Amino acid sequence: MSTLAVMGAFLALTVLTLFPAIMVISTRNVLHAGFWLLPCLIGVAGLYAMLDAHFFVVAQVLVYIGAILVLILFSLMLTRDVMNPKAPQHNGLVGVAVPICATMSAICALLLARHPWPAGPVAAAGAQDQTVALGRALIGTYALPFEAASVLLLAALVGAIVLAKAPQSEPPAAERIECPGGEK
Amino acid sequence: MTVGLSHYLILGAALFGLGALAAITRRNAVAVLMGVELMLNAANLNFLAFWRYLTPQGMEAQVFVIIGFTVAAAEAALGLAVVLNLYRDFGTVNVDEASGLKG
Amino acid sequence: MTSAIGLIPILPVAAAAVAGALAITRKAEKAAPLFTLAATLAACALALMNMPGAGPAPHVAAPWVNLIPTDAALAAPPGPTHGLPPGLSVVVGVTLDPLSWIMVLVVCSVSALVQIYSIGYMAAEKGYARYYCYLALFTASMLGLVTADNLFQLYVGWELVGICSYLLIGFWWFKPSAANAAKKAFVVTRFGDVGFMLGVLLLVSVAQSFKFTDVFTAYQAVADGSLAVHGLFSAQTFLWLAPLLLLCGAIGKSAQFPLHVWLPDAMEGPTPVSALIHAATMVAAGVYMVARLILLFTVQAGGGAGAALDVVMILGAVTALIAATIALVQVDIKKVMAYSTISQLGYMMVGLGVGGATGQVAGMFHLVTHACFKALLFLTAGSVIHALHHAKDPNDMRGMGGLMRRMPHTAITCGIGVLALAGFPLLSGFWSKDAILAVALQRAGLFGHAAGAGPHAQVALACGVAGLVAAFLTAVYSARMWLMTFWGKPRSDEAAHAHESPAVMTLPLWALAIPSVVAGFLLARGERFATFVLGGEAGPSHENLALSIAASAIALAGLGLGALLYARCPAVDPVTRLPRPVYALFSNLWYVDAFWSAGVARGSLAFGRAVAWFDRNVIDASMHGVAWLVQQAAQGMRRSVSGQTQAYAVVLVAGAVAVVVLMTLYEQAVGSPGPAAAAAGWMVRR
Amino acid sequence: MIDLRPLIPHCLIVGLGILVVLLDALRVRRNACCLGFVTALGAVAAIALDWMGPDARLWAGQIVADPYSRAFDTIFLAVLAVVALASASDEPHIAFAGEYYALLCFATVGLMFTASAGSLLILYVGIELSTICLMALVGFAKRDRRSSEAAVKFFVLGSVGSALMLYGCSIVFGLAGGTEYGKVLGVLSGVGGFPIVLWLGFACVMAGLGFKIAAVPFHMWAPDVYQGAPTTITAFMSTASKVGGFAALLRFLLVALGAAPDRWAPVIVALSAASIVLGNLLAVAQTNLKRMLAYSGITQAGYLLVAVAGASAADSGLAVGAVVMYGMLYGFMNVGAFLVAQVIEDHTGSGEITALKGLHKRQPLLALAMLLFLFSLGGIPPLAGFVGKLYLFAAGWEGGRFALVGLGAVASVVALYYYLMVALQVYIKDPDDDTRIPVSRQVSLAVAVCVVATLAIGVYPRPLVRLGDRAATALHAYAAPRPQSALPSAQKP
């Protein structure tokens, strides 16, 4: 691929990633925000592909888009009926948060761009070799973090089940409604 | 002009900031979770960019990304359970309405 | 036998544990005093058996803990350290040098008498065993403090004394005023304690040891220039800062101006506790500490005049004077005594301010005699209050009068105490007060000249004169207090029907009255005392007939004036029934009376009121003001914690950004380009 | 073949977690308190096994088993044991008792990883593991609205904190080509000493660790979450989790960034001063006991940071020893205070400080225990808190942080005010209701352990000092083999 084509692809993926990200923030409808997350995550998967990280392209699609995003959309639909479409979808912190997040992004971008990173990309191994090497690493040098991550998933699973399971006796409905700050 | 490491890093920084913005300003708890996922994605992008340009033979970055995926999945699962709980007790999924504890 | 002296502070702790167990289980509460009293007397006996003689003072020590024993620190190559060396160890020890020995005797005997007295006084109270538990703990803390041979133990005892006083002053927790007074005493003294702690840390960091002897050696070495001071300070700064920081502690604990405000409020505790606090324990701690460490106040660079001693002396004189004037206008019998205590503590500070062994002896001498007569006075006050406990305000002297007949033992012993306090010739207070005035005025160049380092002559002169004035005022209010309480006719039903306290309460009074009379005389005007304290060396003589006569005259004049002013106040004047010429004579005297009232007395009363006002509205109020400000700031901050999760997240993210910005600023301050500058440079180059 | 013996205690605790779930699921609860005792016993056994294991650095130094990590493991496991014991009496009322203990165990394993972490990878995994478990535990009291609210808050802030930390790790990785601490140290010997970008990574990692230790400005979650969470969980979070953050922080700063202490020191000093001032100020205004303890915990984190700041300038041995020591005694006294708070809250239904009114009449022994904990937290001799604070301040002083030590000393006075306010309620005020407060045997035992530890450490701290000493020596030895030329001053040509 020519340099120009690579640049073009990168720019396209940038737009594909950042524009939906902005929409995730700004769109009023939360369900739409959930849908906007899809192209964003696909854009990131594309970037992974450009970085020759083949395993993670698949992982991104499977884990993020296949599992996490579906989970998110599912729970959005579950709780949608409580959301008043006329109520504001953003809190009063926009004025404070925008400059702070912009500053953070700017500082990160400037510093990272300015740093004299060692020159140029080194040729990457093929997809199959990479995946084999990763598999070996996960049962070799990095077995411990891998195992720890499995405990982490187990813990999250246990915690999620405990929290999500309905309590034996529901509190009366009247008690639920009068929450502090409930009426905005 | 070729696409270099810094391009990915700048993109990552932007994505990170946008994720933080979503996490801070959206009232809906699920949308907050989406923001956090964006932030984690930015970090993962950083890792893979560094891996590709600096240590293509090393494995640590990829392991870190796998951990990042795991954490994202775990947080999504747990987060949604927490939100469900919030919905049960408060009748809302807006983070800013659960503000009884303060001071 | 010597090794047993380690038990002196431990025995009362054990007794306190037993009493505490009785208090918690609420069983056999009446047995508590047996244990605490036995422990106190045993400690006293141990001290008596180990009286320091010509040889080295009895001393036991045991290593307790190495404070900083890290192997890593020991293995590290020697580099610049900022103070504490690796392997600094705390050796706990009990010493019975003359200074400690005297204090042990004073603490034990006063504590034992207070405990006996309390058997009667507290008989009807709830929490009997709890009370004795606290008393024993208080005694133990003070014994630990005075027998310490190192700064660490001194500090621990210092803090424990504070806690015990908190518990005892707040003993009647159901009275809000008692609870507040307890808090106030604790918090106000803590202000001084901060200084004390910093002073201890500073000294230890230089001396690299907690032991008094090591600290003295190191301090002397710094003064000589043979030891360098690391850290923030120059040697010169260290030499004045360290003693002054220590003095802060004494100001708080010994109720010196301007931190004396807690002491009058501390009267909310049971009266025997006041006796203990005022005579032997809490307030004596500060004076004892300064006396113990007097070398630090005296030694200055190049043998120059002691700025630290000037401060001690001026502070003492100001306190003595101010407190005496306030005492003049009080109507609460315990308040009079409280201010009197403050005033006398000021005296002790004036004595200590002379510096060296001379000052040490003078201050400690007054501490000992004051312990006798002030404990006596408080216990008599307690006896009176106990007798009047049905009255609306049993402490108010305006509701007393004529108790002389109803309570002869109390009245006579109180009279002895009052005379001793006023400095009546040949009683104990006379000798010790005289000694302080003598050393102060000698330092000023009068009555012979004193050699060696010490405060400036002008300061000594001013403070000596202030001491004389205060002595006069002391005599006035002493007479007033006694006369208003015991003289004349009862001014209330309760006073008219008061009964003498039981023997268990009056016996301790007599036991204290005897030393109040003879202590000064027996110690031969301080000289025998001085010889003992200085370990066999003959103390310097302050024999000066002229000064003694002057002091006696001042005391007698004060007493006389008091009698003139107040002997008539309590009741309808008996002299009106006398034959006419005699009455005229008394009338003439009355003119003198009026003259004194209009002139000196009313003036000093007004001054006293003004000082009391200042005390209440400026010093007290500024303390409250600080507390109020903190509360307001806290409430303001509290409102900013909104409960909004995402506002918290903003702070979290902003915190991370702030860390980067902070590092930038710091880097720019130290000269290398920070991220912001680097980023700007990058933009320009593009 | 890699020697896996150092990981036996970790495996034991994971296995313990699974075991209690199975015991619960199979209804093997003859005695209702069995699970709590099993957990506590397992924790104690793990402490013993931990100290029997060999010292090792596994997988190229990613994980380090040495007396330093063991000292901290001991703290986490001791807190786990005490908390499990105290929870045992409530077991019949907990809906998912097995899962409750399992999550506590998993959180403890995560903390043990943070103490052993020799690379940011392990550190991140450990921190995430403990945080995720705690997220679930905070919301465990599902029928309590406050618990749900606290869970949401902890979840949102914890996720943002973890994302910040992961981003920071990525930057450090990019600079060093790896996150093993030795590699990070190598970056410092590169061109220009301390690359500017490393600040960025440091700041983000610091945000994650600051969140864990609840230091200002990363502290905002703590009061709300402490107040809302079940009290036993609060006790665990405010001690084990906080100390775990310090274990990781010290190793990261002294090993990975050990060659540039003058660069990170100002940040630590600023965090410390801010924590001390803000924590104290806000604690003064609190009326809820758990909130007050939360703000006091923020102040305590500030005190610990005084020692960390001291470690920057001088030899770090004293500071490390002081942190280990304070971590241990803080664990006992703070857990003790929270357990008393729990008893009161269970009985009266109120978490306000005024609920303690006249406690000494209703339960004299518990009142005495509370008084001891409060005085110890206030740093009054001869209790443990005094010795600990002495060490922390001595370490700060040794490191030349005189102003910070002065601030800490003044703050200790202010802190006494709010501790005494509670003592006032306990001892001075009259109770509204004179009935005796029942305390279960399990809770009594747990409180007694805390009391004995608080007293014993205060009176005879020597063994704990030795422990801290060994930990310091170990960390020193771990950091020492690095070439001294890594120091920026030495690598000039």
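The values are calculated or read from the model by the stated rules, or taken from the named source; none is laboratory data. Here the structure is a predicted model, which means the values were calculated and not measured. Backbone-built Cβ (ideal geometry, glycine too); neighbour counts: all protein chains shown. Remember, those area values only see protein heavy atoms, side chains included, never the ligands or the DNA or RNA. Shrake-Rupley method; radii C 1.70, N 1.55, O 1.52, S 1.80 Å.
The table below lists the values:
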quantity	calculated
At least 15 Å along the helix axis (C-alpha) and Kyte average at least 1.6, DSSP helices within chain D	D:8-25, D:34-52, D:120-138, D:196-213, D:364-378, D:402-427, D:441-459
Whichever aspartates and glutamates have a C-alpha closer than 13 Å to that of D:K361, once near sequence neighbours (fewer than 8 apart) are set aside	D:D430, D:D432, D:D433, D:D434
Sulfur and carbon atoms: percent of accessible area, the protein assembly as shown [1.4 Å]	69
Candidate lysines for bridging to D:K153, where Cα separation is under 24 Å - those fewer than 8 sequence places away on the same chain excluded	A:K165, A:K184, B:K102, D:K142, D:K212, D:K242, D:K290
Heavy-atom surface of the range D:5-479, accessible at 1.4 Å and reported per residue (Å²)	23
Per-residue ³J(HN,Hα) for the range C:418-423, Karplus 6.51 cos²θ - 1.76 cosθ + 1.60, θ = phi - 60°, Hz, x for Gly and Pro	5, 5, 4, 5, 6, x
Long-range amide H partners of D:I63 with built H, under 5 Å	D:L58, D:G118
Simple label model, 7 Å out from Cα along Cβ direction - A:V6 to C:A621, nm	7.9
Solvent-accessible area buried by pairing A with D, both sides, nearest 100 square angstrom, 1.4 angstrom probe	2900
Accessible area in square angstrom per residue, the range B:5-90, 1.4 angstrom probe	12
Positive-pole candidate from A:A59, C:V651, C:A323, dipole of the protein assembly as shown, charges at beta carbon	C:A323
Summed buried accessible surface, chains A and B, 1.4 Å probe, nearest 100 Å²	7300
Gain upon complete extension [A:F74, A:R136; 0.36 nm per residue less C-alpha separation]	18.7 nm
Dipole of chain D, positive direction: furthest Cα of D:V79, D:Y417, D:I127, with charges on the beta-carbon	D:Y417
Placed amide H near A:H90: partners under 5 Å, 5+ positions off or other chain	B:R27
D/C buried area, accessible surface, summed, 1.4 Å probe, Å²	6600
Number of partner chain Cβ atoms within 10 Å, mean per residue of A:22-33	4
Per-pair calculated FRET efficiency, R0 = 41 Å: D:F37 and C:Q631 via Cβ, rounded to 0.05	0.35
Under 17 Å from the Cα of C:K183 - lysines, other chains or at least 8 residues apart	C:K175, C:K253, D:K357, D:K429
Label-zone membership for the range C:113-149, site C:D224, 7 angstrom Cα→C-beta point, backbone N under 17 Å	none
C:D149 long-range amide H proximity, modeled H, under 5 Å	C:G93, C:T95
In Hz, Karplus ³J(HN,Hα) per residue of the range C:221-227 (6.51, -1.76, 1.60; θ = phi - 60°; x = Gly, Pro)	5, 5, 5, 6, x, 8, 10
Cβ crowding within 10 Å averaged over residues, with C:627-634, D:70-77, D:128-135, D:352-359 ranked highest first	D:128-135, D:70-77, D:352-359, C:627-634
Per-residue average of Cβ from other chains inside 10 Å of A:62-70	4
The range C:361-427 - accessible surface per residue (Å², probe 1.4 Å)	28
Inter-probe distance in nm under a simple model that places probes 7 Å from Cα toward Cβ, at D:R466 and A:A106	5.9
Neighbouring partner chain Cβ atoms per residue of D:7-18, average, 10 Å criterion	2
Debye log10 I(q)/I(0) for the range B:5-90, one point scatterer per Cα, at q = 0.26 Å⁻¹	-1.18
Cα gyration tensor shape of the range A:1-80, rounded if a/c is under 1.5, else prolate or oblate by comparing a/b with b/c	oblate
Phi-based couplings in Hz for the range B:95-101 (Karplus 6.51, -1.76, 1.60; Gly and Pro marked x)	4, 6, 8, 8, 9, x, 8
Highest to lowest packing among A:90-97, C:653-660, scored as the average C-beta count within 10 Å	C:653-660, A:90-97
Size of electric dipole in the range C:253-336: Cβ of Lys, Arg +1 and of Asp, Glu -1, about Cα centre, debye, nearest 20	140
Ordering of C:42-49, C:120-127 by packing [mean C-beta count within 10 Å, highest first]	C:42-49, C:120-127
